[in-house]
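Each reported figure results from applying straightforward, stated rules to the coordinates on display, with no laboratory input. For clarity, every value in this text was computed on a predicted model and none was experimentally measured. Glycine gets a Cβ as well: all are built from the backbone with ideal geometry, and neighbour counts include every protein chain shown.
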Amino acid sequence: MSGRARVRARGMARSPSAAEVGRMQASPSPLSVALSDSEASSSSDHVGTSRISQKYEGGLSSGDAGCTVKERGGKIRREMTDLSVCTREKLAHVRDCKRGSSGIPVKLVTNLFNLDLPQDWRLYQYHVTYSPDIESRRLRTALLYSRRELSNKAKAFDGVILFLSQKLEEKVMELSSETQRGETVKMTITLTRELPASSPVCIQVFSIIFKKILKKLSMYQIGRNFYKPSEPVEIPRHKLSLWPGFAISVSHFESKLLFGADVSYKILRNETVLEFMTDLCHKTGMSCCTQTCEKQLIGLIVLTRYNNKTYRIDDIDWSVKPTHTFQKRDGTEITYVDYYKQQYDITLSDLNQPVLVSLLKNKRNDDADVRMAHLIPELCYLTGLPGQATSDFQLMKAVAEETRLSPLGRQQRLARLADDIQRNKDARFELETWGLHFGCQMSLTGRVVPSEKIIIQDHICEPVSAADWSKDMRTCKILSAQSLNKWLVICSNRAESVTESFLNCLRRVGRPLGFNVDQPKIMKVQENPAAFLHAIQKYVDPEVQLVMCILPSNQKSYYDSIKKYLSSDCPVPSQCVLAQTLNKQGMMMSIATKIALQMTCKLGGELWAVEIPLKSLMVVGIDVCKDAFSQGMVVVGFVANSNPRITRWFSRCVLQRTSADVADCLKVFMTGALNRWYKHNHGLPARIIVYRDGVGDGQLKTLIEYEIPQLLSSVSEASSNTSPKLSVIVVRKKCLPRFLTETGRTLQNPPPGTVVDSGATRPEWYDFYLISRVTCRGTISPTYYNVIYDDNGLKPDHMQRLTFKLCHLYYNWPGLISVPAPCQYAHKLTFLVAQSTHKEPSLELANSLFYL
Amino acid sequence: MAENNIECNIVVDGNVEEVPNKKIIKFNPPLYKQRYQFVKNLVEQHQPKKVADLGCGDVCLLVILKYQKCIEELVGVDINEGRLKWNGSRLSPCMGDHLDPRELDLVITLYHGSVLEKDCRLLGFDLVACIELIEHFDSEDLAKFPEVVFGYMSPAMIVISTPNSDFNSLFPSTVFRDSDHKFEWSRMQFQTWALDMANRYSYSVEFTGVGEPPAGAEDVGCCTQIGVFRKKAKATESAVLEHHGEHVYEVIYTTSYPSLQQMNYCRRVVTYLVYREVHRMKRRCQVSLRQHELEPESADPGNPTRKFISDLPVPVLTEADKAMEMTPQPFCIGDKFYVPLERIIACPRLRHICGNVEKLREFLADVVELNCDGSAVKVDLHDCGDY
């Protein structure tokens, strides 16, 4: 039974105790994750409180550092597990120094702030017990905090563990406090540990402190970030509000404790879910209203009107109405209408609306005992964008315009945050009592490595702009191209004349590139996806080199059905072009050039190269992507070059269950790539460098324990004598640090080739940041590379420069990209499969870039 | 109503259940909730603008009252600073309050201080609640208390609740209900004190209570006795409102809610309402255009969604809709869709906020595109944002 079906089944057999209305707490603080917020938040969570004490006690009795960290959910935990994986110590060549040396030094401003602590700073961890025992975390906290002994101390408390920055007078302290009802409760506070500032537990406590501080600055937590709803950016035309905010983190970088903040926006729809649904139904008509609503809404996060919580919509229960009753926690039955009137003075206007169903994650135990919350659409607001909205060009443009910040604008936001933190009385008090000093913004020195030359067939060119060398390419012959002799074009009747003129154009631009295009067979069909597919099925034979489809609209079903058929069922490279693209007057030549280049690649051609000093090098890109169609499935893509020049690419792709380890298919893929190399070069590559993208928080350990051994075994089995040397690098496009260069009074994006390998890196890793892209608007974000395995022993300098070189080799874009080309190819491949074909592509296409 | 129940250490909303461990009387809803409900009812009935809770403790009552639309100022006073600090954030606006702001401003402030001290920021209130407060005073403090609350603060209404010791006969234990209680009064004692205070400070007083006695023991009265005091003369109001006294309380927490009284929020809400109305009319227009082309669909009667959907395309005409039908119709010119402001203002909520077309136009200036004479909102008939 699928997850959805389970939800449904549960929805039908609703036991009264299972359903509840969106957690009836009048509590104003956001949904919080275990300890991380326990102190800053006042939400008393009764979910599973009966288990809280035993559970915590269990965690504590073993009394080691791992436990406190392990007990709690959320990001911190996962990040922590990654940080405990110290890969650098195993890499002898970088143990002492992981910094490169080439290039021109450049001074960079970061979005990291120094956090200073006194030398002898300690965190004191206490264990608190109550007699008689009390379950409510809030009450436990209230009782403890009302004691004068603690009132002016810096403290963080999750109901069991208390952290203080000052030692209490006695190791074991007995206090008593009274509840509002007059019950006397005895509290025993026992010192369990003294922790130095470098302890991971301290990082966790610092994160809590900053969460508290941001809340004091009137920010609200949604997910992991903090937003300020009082200063929204409005896009009324699209009914959107953007809340400005920050992603924050506190972490130990090389030698210092740093606070990092990056500007973030939360998109909110200025309409209730009910309005959204009503509109959707008007638009689509009655017949498919329910399906459309479910399709659009399920999986989205909503914000409730009356409290500060967010919920994920897991289902819509059309059989429940606001006039139905549910059972409150005290056992009484009440209708939803009456409940909201009584509790929040809210009058529901639509008594026929269905309810949204959200499964509540039980934070403390992984029992099958999943609870549901029923939410009234009228009282919910959508956060984020519904899937289809992201394809709305106008809307996305409007959002991008509002959220794109220039380097200077970004810096101003940061400066204001720092200023607010330092000026706000409560925030300052919080920092001071903990002994923390919020210092200045950190600057560091990076290096700009030399720019690369692009090798084309007859000459080497030094592009005018590293961002885009399409102009330099225009008159040059590409490295190699296959002639296109037998091919098929399918278009609608209406598009016949544009198609003709486009084909002329294609031939004209093809010639100077060295790409010969013969006259294709043109089929005219009706304007529907089935007609296109039918024509393909009918006319494609093994002789056909390529199929081009001139699509009448960007309706997804055209593209999906064509790609699915031609990449799996009947493997032939295909090229889809939107008819409306061909109507753009005056741009025909550049459009035709782009398409011609893409077609050459799909036929196995090579466009350009860069100089690679390593003579026998295989680079591999691996990416993982969730399947858009079926939940619980992921697509793993693997791309490797098959020639030393790094211009020909071999690819493999597989769909597998989320639960399966990615590693399972890697050995097969790697062996396939080595076989291909062997066939091509009559030997094995001397070195293999794997760029692994799509790694989530906390997966580092899995990579090291499962994926690398798989790759290694494939490599060692490939040869009986000297097997290729392997390096594995984790690539992350999303990372918190940003780097800007100061020029005069203003700030700018650093030039491409900027490498940062100090200051913002981690002492336990062999890591670096590389900016390999150029942008004219907005702020660039660096890509983060973490070398987790390295047999090759290349100097850091060479590793960095090689990575930069590889960012030049993505054939879909004559310019630099933000990740090494194999990663981008792997991404493109997984995206095609995850979004369109949902089927493994045929092996016959493995040697061409059919997925471009 | 009281009922027998052995299980009693139930924790609700972070409060320990009213009845201590070994008791067998349990109230449903719990007694403390009944007291809060009583105050909430008073607020609903009398619509006070400024409300204070003296001895607010964990701010539970304030959390209930913050949802009341009539209140514009809510104050809590307590001597336990730690508690106020810890609970303050429970009173901050929700994220939803920014998306759908209140009608009226609301400022909530928590003060650390003793209710036996005078602070001019507590002058001019409409309702002051002293729930389970006076029994914690020793005789000296009890003597000072009326002078501060009745004499100095002198709000329009005061509600005082305290345990009824007559009811204690139903409890097995003979001690006070709370070890910090300095006294527990019988109904007679409380009423004598209350009438005396009412006379002295020209208030009228009514007595009531919550926590009804079990059947057969009606003569002991309610578990909690309540006196509701109302000020007789309102003539001194202007004198009372002079805010030049001392500030002795320390502000622990303060927050201000977004509301339609604030121009930026008001403008936002008006803009979105206008877009919503225009969008709705546009949809209706598009649907009617489409219905010309399509056959009416036959809905499956067994489909549970039918009811919800069926009233979408053909809404029942309400009074408001009828009023709207009287106004100028929206119209199309080319691919533009126009909705006259006259029609938009017929939307009850917008009429309520803006009042008239001129005001509406003012709100929309520079934000929404109007036609050349400014009489109608202009949008594209076919939005590219159709998804």
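Couple of notes before you dig in:
- Partner chain coverage, peptide A:279-288 - average Cβ within 10 angstrom: 6
- Relative contact order %, chain A, counting alpha carbon pairs below 8 Å whose residues are six or more apart: 15
- Residue exposure sequence - B:D366, A:D623, A:D158 - by fewest surrounding Cβ within 10 Å: B:D366, A:D158, A:D623
- Dipole of chain A, positive direction: furthest Cα of A:A530, A:A579, A:T141, with charges on the beta-carbon: A:A579
- Farthest towards the positive end of the charge dipole of the stretch A:190-240, among the residues A:L240, A:T190, A:M219, is the Cα of A:L240, using unit charges on the Cβ of Lys, Arg, Asp and Glu.
- DSSP beta bridges in the stretch A:481-603 [antiparallel fraction, %, rounded to 5]: 0
- Projected-area mean, the stretch A:587-671, by convex hull of Cα positions, square nanometres: 7.9
- Peptide A:138-146 - average C-beta neighbours from other chains (10 Å radius): 5
- Within 10 Å of the Cβ of each residue in A:216-227, the mean number of Cβ atoms contributed by other protein chains is 1.
- Charge dipole (debye, nearest 20) of the stretch A:588-681; +1 at Cβ of Lys and Arg, -1 at Cβ of Asp and Glu: 260
- Three-way shape call for the stretch A:270-389 based on the alpha-carbon gyration tensor, with the a/c threshold at 1.5: oblate
- The residues packed around A:V819, meaning those with a beta-carbon under 12 Å from its beta-carbon, carry a net charge of +4 if Lys and Arg are +1 and Asp and Glu are -1.
- 10 °C / 1.306 mPa s Stokes-Einstein diffusion coefficient of the stretch A:122-196, Kirkwood radius on C-alpha pairs, µm²/s: 128
- If you take the Cα centroid of the stretch A:705-751 and the Cα centroid of the stretch A:583-633, the two points sit 20 Å apart.
- Violating pairs (Cα-Cα greater than 28 angstrom) within the set A:K295/B:K282; A:K584/A:K839; A:K524/A:K563: A:K584/A:K839
- Charging the Cβ of each Asp and Glu at -1 and of each Lys and Arg at +1, and nothing else, the dipole of the stretch A:270-389 about its Cα centre rounds to 280 debye.
- Listed cross-link partners A:K615/A:K667; A:K486/A:K725; A:K171/B:K118; A:K425/B:K66 are compared with a 32 Å cut-off, the Cα-Cα value being larger for A:K486/A:K725; A:K171/B:K118.
- Among B:348-354, A:347-353, the order from most to least packed when residues are scored by Cβ within 10 Å on average: B:348-354, A:347-353
- Measuring how big the stretch A:481-603 is from its alpha-carbon positions, Rg and Dmax come out at 13.4, 38 Å.
- Between A:K397 and A:D468, the distance separating the two model label sites (each 7 Å from Cα on the Cα→Cβ line) works out to 1.6 nm.
- When only the Cβ of Lys, Arg, Asp and Glu is charged (+1, +1, -1, -1), the dipole of chain A relative to its Cα centre reaches about 1220 debye.
- The fewest-to-most ranking of B:V274, B:V210 by surrounding Cβ atoms within 10 Å reads B:V210, B:V274.
- Label-point separation, B:A215 to A:R99 (7 Å along Cα→Cβ), nm: 8.6
- Relative to the 2.2 N^0.38 Å rule of thumb, the stretch A:177-316 has a C-alpha radius of gyration ratio of 1.53.
- Net charge, A:K556 excluded, C-beta distance under 14 Å - Lys, Arg +1, Asp, Glu -1: +1
- Estimated FRET transfer efficiency (B:S288, A:S630; beta-carbon r; R0 41 Å; 0.05): 0.60
- When the protein assembly as shown is described by a simple charge dipole with +1 on each Lys and Arg Cβ and -1 on each Asp and Glu Cβ, the residue from A:Y706, A:A673, A:S287 located farthest towards its positive end is A:A673.
- Cubic angstrom per residue, convex hull over Cα atoms of the stretch A:701-771: 136
- Here the stretch A:618-729 carries DSSP beta bridges of which approximately 60% are antiparallel, counting only pairs with both residues inside.
- Sorting the segments A:775-785, B:141-151 by their mean number of nearby beta carbons within 10 angstrom, highest to lowest, gives A:775-785, B:141-151.
- Largest first, the extents of the alpha carbon coordinates of chain A on the three principal axes equal 93, 68, 58 Å.
- Set the Cα radius of gyration of the stretch A:91-248 against 2.2 N^0.38 Å, with N its number of residues, and you get 1.47.
- B:D335, B:D196, A:D757 arranged by Cβ crowding within 10 Å, fewest neighbours leading: B:D335, B:D196, A:D757
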